[in-house]
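Worksheet: one structure, shown below.
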Amino acid sequence: MKPNFKQKITNWGNFPVVEKEMRSEDSFEKIKDFVLNHNEVIARGNGRCYGDASLGENIFSSKKLNKFISFDRLNGIIECESGVLLSEVLEISVPQGYFLYVTPGTKFVSLGGAIASDVHGKNHHAEGCFSEYILEFKLMIENGDIIICSRAENTEKFWATIGGMGLTGVILSAKFKLKNIETAYIRQESIKAENIDEIFRLFEESENWTYTVAWIDCLQRGKNIGRSILMRGEHAYRHELSANEAENPLVLKKKLSLTVPFYFPGFVLNAFSVRFFNFLYYTKQSKKELKNFVDYETFFYPLDAVTDWNKIYGKSGFIQYQMVIPKEKGKEGMKKILETIANSGNGSFLAVLKLFGKSNPQAYNSFPFEGYTLALDFKVNSKLKKLVDKLDEIVQEFGGRIYLTKDSMSRSCLTDYLKNVQSSKFVSLQHKRILNNK
Ligand SMILES: Cc1cc2nc3c(=O)[nH]c(=O)nc-3n(C[C@H](O)[C@H](O)[C@H](O)COP(=O)(O)OP(=O)(O)OC[C@H]3O[C@@H](n4cnc5c(N)ncnc54)[C@H](O)[C@@H]3O)c2cc1C
């Protein structure tokens, strides 16, 4: 074994920051050594969870598990190691006419992270979670053995690992299905909604669309509460594109990417700048309705265009608070949540509303259930815990739950859906925090 070497580690929210041992290995033998020689281990993918889910006493980083194993181009089935990023899958698959069935709002997540959080996209109401398209994966369990998990083999471990937040072992590789596409473009409609009644009506009217999502200005109050823009989209067919784009429909032009070079000073993001950003975002679309074609990067990953955008929150970091409220109480619950935020003075720079469809009862550790989900970013400051406590109370009152992969300070009762994952070997700081809060 290599000597113990501690380093500062944090995830996307830059909160919390810990000093722990992190190791990456590319051979299964060495990973086994690491697992067997440490009391508490947790796997980490690309650190795109916001809080403490992939932090632990001894962290195994899947960075070196970065190989593609096979790609069945006829049937759209791909197999790769768990550290491969979804961005790398897309680089290979899109030019061949395949896209991910389910993608989160950033493509910089690893395959292992996507399974362990059972991520969802803008199409949960239509196409479910990432796990729906997983055929099998290899898992290293507590004694270092490697087992194959699927719907037919080691099924208990298969379902416990999906959404299991790394607590059942280390996912080493996985095989999953891709979706056929004719082009790398999306036919998009953006519709401005003046308030919460209108945006909920638009979501209902758009249930036949594959992708729907709304950006919400969470600082509005009174009759404007819920002011937002709904975006809905479908993969575009070749005949719908302009002659220029149709010539090479699966290849996108290289774009310039921006980078946030340093942590912004704490004062930059304040109630005024958040209000100003929200105003600009709402007014940049002058028409009530806009129909256009955009490339998949613009539609699915607008935030990825700015590298290290998380630094705008400053060194103290930020949290993302994401909850789901049952559909029938969705509007009422969201209204109360938005009112509480507007009154707190702790504005969220980015607030995103989505609709979840029915959950898969077998995937009992997956976060989504039928309802509305809102994700909010908050800068860490001395008032934040009080706001999170208030939001937790509302989520509990409406029978909702919070998303573990975003969490770093919520009440444990809202995360009770995580089951059958108790292990003395695979332990995260998040899980310890949750158990201690009970
Ligand atoms: C800008 C942004 C937008 C996002 N949008 C969405 C969204 O729309 N929908 C959504 O569902 N999520 C979203 N997320 C969250 C993100 O998809 C998840 O947190 C995802 O799990 C991160 O993957 P990762 O590879 O970075 O894993 P990490 O963040 O490193 O780890 C996440 C979890 O996976 C476990 N894990 C990682 N690798 C392995 C492995 N090899 N074996 C076992 N367990 C493992 C960890 O232990 C941890 O519990 C977003 C995140 C960002 C930053």
Averaging 1/r across every pair of distinct alpha carbons in the chain and inverting yields a Kirkwood hydrodynamic radius, in angstrom, of 22.3
Within region 369-401, DSSP-loop GluC sites (Glu not before Pro) with at most 16 other C-beta atoms within 10 Å are Glu370
As a percent rounded to 5, the proportion of antiparallel DSSP bridges among beta bridges in the chain is 85
Two pseudo-spin positions, 7 Å from Cα along C-beta at Glu234 and at Asn208, lie apart in nanometres by 0.9
Relative contact order of region 1-62 (C-alpha contacts under 8 Å, at least 6 apart) in percent is 40
If the chain between Glu247 and Glu332 were fully extended at 0.36 nm per residue, the gain over the current Cα-Cα distance would be 25.8 nm
Taking R0 as 25 Å and r as the Cβ-Cβ distance between Asn437 and Asn195, the FRET efficiency 1/(1 + (r/R0)^6), rounded to the nearest 0.05, comes to 0.10
The FRET efficiency for Asn143 and Thr10, from their Cβ-Cβ distance with R0 = 30 Å and rounded to 0.05, is 0.45
In the structure shown, of Lys255/Lys336; Lys32/Lys419; Lys284/Lys390; Lys179/Lys284; Lys284/Lys379; Lys311/Lys385, the pairs separated by more than 29 angstrom at the C-alpha atoms are Lys255/Lys336; Lys284/Lys390; Lys179/Lys284
GNM of the chain, Cα pairs under 10 angstrom: of Thr373, Thr298, Thr283, the biggest fluctuation goes to Thr283
With R₀ set to 22 angstrom, the calculated FRET efficiency between the beta-carbons of Asp308 and Glu40, to the nearest 0.05, is 0.15
Largest fluctuation, Pro261, Pro95, Pro16 only, Gaussian network model of the chain with Cα springs under 10 angstrom, belongs to Pro261
Residue span Ser412 to Ser316: 0.36 nm per residue of separation minus Cα-Cα distance leaves a gain in nm of 32.2 nm
Per the helix-only model, the chain has a calculated mean residue ellipticity at 222 nm (DSSP H runs of ≥4, -39500 (n - 2.57) each, divided over all residues, rounded to the nearest 500) of -7000 deg cm²/dmol
Note to self: C-alpha centroids of region 284-316 and region 50-128 sit apart, in Å, by 21
Under the rule rounded for a/c under 1.5, else prolate if a/b exceeds b/c, else oblate, using alpha carbon gyration tensor axes a ≥ b ≥ c, region 1-108 is classed as oblate
Rounded to one decimal in nm, the spacing of the 7 Å Cα→Cβ label points at Gln362 and Ser344 is 3.8
Longest the chain segment clear of chymotrypsin sites (Phe, Trp or Tyr not before Pro) sitting in DSSP loops (not H, G, I, E or B) with at most 16 other Cβ atoms within 10 Å runs 6-236
Those trypsin sites (Lys or Arg not before Pro) from region 160-269 that are DSSP loop and have at most 15 other Cβ neighbours within 10 Å turn out to be Arg221, Lys253, Lys254, Lys255
Full extension between Ser273 and Glu156 adds, at 0.36 nm per residue less the Cα distance, a length in nm of 37.2 nm
Charge tally for neighbours of Phe267 with beta carbon under 13 Å away, counting Lys, Arg as +1 and Asp, Glu as -1, is +2
Check: C-alpha center region 380-421 vs C-alpha center region 203-221, spacing in Å is 23
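Read-outs throughout are calculated quantities, based only on the coordinates presented, and are distinct from any laboratory measurement. What you are looking at is a predicted structure, and each value in this text was computed from that prediction instead of being measured. Glycine also receives a Cβ, built like all others from the backbone with ideal geometry; neighbour counts cover every protein chain displayed.
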